[in-house]
Amino acid sequence: MKKRFAIFIALLLAASLPLSSCGNQTQTESGTDTETTETTGTAEAEQTAENDPATLDELPTDNKDYQDYTFTILGHLYEAASVAWGVQDIAVDELTGERINDAVFERNNRIADRFGVTIAKNLEKYPSDVAKKLIQSGDDAFDLLQTTVQNQASVAVDGYLANMNDLPYVNFEKAWWDSSAMEGIRVGDKTFYALGDSALNGKKASWLMLFNKTLTDKAGIPNLYDTVREGKWTLDLLQTYAESIAVDVNGDGEMKWGEDVFGVGLQDESVSPLLFGTGAKLIELNPDGTYNYRLNSEQVVNAMERINSFMKKSNSNFVLNCNRYDGMANQWIEFRKIFMADQMGFYILALSGVNLIAGDMQSDFGIIPVPKLSEAQDRYYSTFQYGNAHSLSVPKSAQDLTRTGLITEALQMFSHDTVLPAYYDYTLTNRNARDTDSAEMLDLIFASRNFDISLAYTNKTDILNFLQTNAVADSFDYASKEAANRQKVEKAMDEIIEKVLHGGE
């Protein structure tokens, strides 16, 4: 962990120099801005990377077999209003001085210089539907599909995707692949989609927590970064701190949106990061392609009981739940304003929301992982929004798997030290988020991502709705509800596993 973080910090510093027209600057005594460079950390990172098998470049250096080939990625076209999720990471036309844009430009140029291949994008509103039609027709019109995990799951279960384990050059043990999540994606010897560093929405969709430093300081809360490092950041501690922050400002005995100060802000879906933050599995995949049903395990039952005692509706004295205000035109925007106005101490959200907050927020804030269930837990785990996180897949109609494997791996490898550091830097250079502590926390959040296949197929299992209903119920009766729901879930999972293993048949 420490080695990976040291490499990241040095790469981030390096990335801040060549990829943008705005370099690091320091002011001299005369008031003149002069560019400075920081090379020591970068050199150390490069030396460390050379000795680390996880970051070793093992791709051919003289392969021009695919000279002048256009490698097309079919991606997701978002509405203009979806600024948090818009695809920035596939291809750009020119250098603009914007960090992520220029990192993508540099990465694609490296691929072109080394392999003679041009990266191109085709963005569609419903890319999975377009992909299915093209694959059905045998049209080799695209090389990779980049869309949400839930969309990828639906394409996989219908038998339209190639097994990525069969791709030459692709090595899921490398640092540029999300190896922790891959454990929950692989069904037997089949891997039909994967999360890698080239698809930024796979990072943006990660659940985490923000804390308002003005409110935590006012409440006398100790350094939360140190609390995390010491392994003491737990759900019990979050509740204690949240209750200490909450204030009925006008003293009317009722906590109101926009008037009072709440300890923590969340939504019904927050049950997902809190539950999977315990390391729990609902559906545990085995190497032979079978699975273990674990919704009734002691670990899951205990975790759900504790989460319910935290999230239940009657805790409105310190919890502000966004879903209780769905009559607003856009409660998500208004909810962010509550945090920005120093009326919310902690905020459980996806990383994509950080940049929507940082630019206009006056108070400082910090980034930390979701808490453990108890200090005895071995580590912090994180998860992501399956309906927003992007993954990559290869169409079954692909004509040249060697070429596809080579360029897919190159995309991840070159993104690892260009696009990913640029995204970190963009996130952390927002005025209130830039600190090395938050950078360390992001690295921690990405290190142990807990993927559960039941959430990828929640449209068939209905797991997410089941968890949300139980998390906020004032009368907790998880055991009987789980028993009543078990047959439905197991039937859905049996069908999913069977189809995935046998190519949709």
(message) Nothing charged except the Cβ atoms of Lys and Arg (+1) and of Asp and Glu (-1): what's the magnitude of the dipole of the chain about its Cα centre? Round to the nearest 20 debye.
(response) 1020 debye
(request) For segment 444-462 and segment 128-178, compute the distance between their C-alpha centroids and round to whole Å. (result) 18 Å
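On average, how much accessible surface per residue is there in the chain, in Å², for a 1.4 Å probe, leaving out ligands, DNA and RNA?
Numbers: 20660 Å² over 505 residues.
I get 41 Å² per residue for the chain.
As a test, work out the antiparallel percent of DSSP beta bridges whose residues both lie in the chain, rounded to the nearest 5. Show your work: numbers first, answer last.
On the way: 25 of 43 bridges.
About 60 percent, rounded to the nearest 5.
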(request) At 0.36 nm per residue, minus the direct Cα-Cα distance, what do Thr402 and Ile333 gain on full extension? Give it in nm, one decimal, please. (result) 20.3 nm
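Return the subset of Lys204/Lys256; Lys203/Lys481; Lys312/Lys481 for which the Cα-Cα distance in this structure is over 24 Å, preserving the input order. Before the final figure, lay out the partial values.
On the way: Lys204/Lys256 30 Å; Lys203/Lys481 33 Å; Lys312/Lys481 16 Å.
The answer is Lys204/Lys256; Lys203/Lys481.
For segment 142-241, which trypsin sites (Lys or Arg not before Pro) pass both filters: DSSP loop (anything but H, G, I, E, B) and at most 16 other C-beta atoms within 10 Å?
Numbers: sites: Lys174, Arg186, Lys190, Lys203, Lys204, Lys213, Lys218, Arg229, Lys232; in loops: Lys174, Arg186, Lys232.
Listed in order of number, the matching sites are Lys232.
In whole Å, what three semi-axes, largest first, describe the equivalent ellipsoid of segment 222-359 built from its Cα gyration tensor (square root of 5 times each eigenvalue)? Mind showing how you got there, number by number?
Numbers: eigenvalues 181, 60, 52 Å².
Rounded to whole Å, the semi-axes are 30, 17, 16.
Loop only by DSSP, 11 or fewer other Cβ within 10 Å of the Cβ. Give me the trypsin sites (Lys or Arg not before Pro) in segment 361-435 that pass, ordered by residue number. Could you put the intermediate results ahead of the total?
On the way: sites: Lys372, Arg379, Lys396, Arg403, Arg431, Arg434; in loops: Arg379, Lys396, Arg431, Arg434.
Passing sites in segment 361-435 are Arg431.
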(message) What distance in nm separates the two pseudo spin-label positions at Lys121 and Asp52, each 7 Å out from Cα along the beta-carbon direction?
(response) 2.7 nm
(request) Work from the charge dipole of segment 303-370 (Cβ charges, +1 for Lys and Arg, -1 for Asp and Glu, about the Cα centre) and give the residue of Val354, Asn315, Ile333 farthest towards its positive end. (result) Asn315
(message) Using alpha carbons only, how many angstrom separate the centre of segment 231-283 from the centre of segment 343-367?
(response) 15 Å
(message) To make sure I understand the rule: partners must be lysines, Cα under 29 Å from the Cα of Lys64, and not fewer than 8 residues away in the same chain. Which ones qualify?
(response) Lys121, Lys174, Lys396
(request) Report, in deg cm²/dmol and to the nearest 500, the calculated mean residue ellipticity at 222 nm for the chain, where each DSSP H run with n ≥ 4 adds -39500 (n - 2.57) and the sum is divided by the residue count. (result) -12000 deg cm²/dmol
(request) Mind giving me the FRET efficiency for Arg229 and Ala483? R0 is 60 Å, r the Cβ-Cβ distance, nearest 0.05 is fine. (result) 0.90
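Mind checking the dipole of segment 272-428: about its Cα centre, +1 per Lys or Arg Cβ, -1 per Asp or Glu Cβ, Debye to the nearest 20? Display every interim value, and only then the final one.
Working: 12 positive and 15 negative charges, 96 e Å.
My answer is approximately 460 debye.
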(request) Would you mind pulling out the separation of the Cα centroids of segment 390-424 and segment 69-127, in Å? (result) 12 Å
(request) Considering only DSSP beta bridges where both residues belong to segment 63-195, give the percentage that are antiparallel (nearest 5). (result) 10 percent
(message) Less than 12 Å apart at the alpha-carbon level, and either on another chain or at least 8 residues along: which aspartates and glutamates does that give for Lys460?
(response) Glu490, Asp494, Glu495
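The values are calculated or read from the model by the stated rules, or taken from the named source; none is laboratory data. What you are looking at is a predicted structure, and each value in this text was computed from that prediction instead of being measured. Neighbour counts run over all protein chains shown; Cβ positions are idealised from the backbone, glycine included. Ligands, DNA and RNA are excluded from the accessible area calculation, which covers all protein heavy atoms including side chains. Shrake-Rupley method; radii C 1.70, N 1.55, O 1.52, S 1.80 Å.
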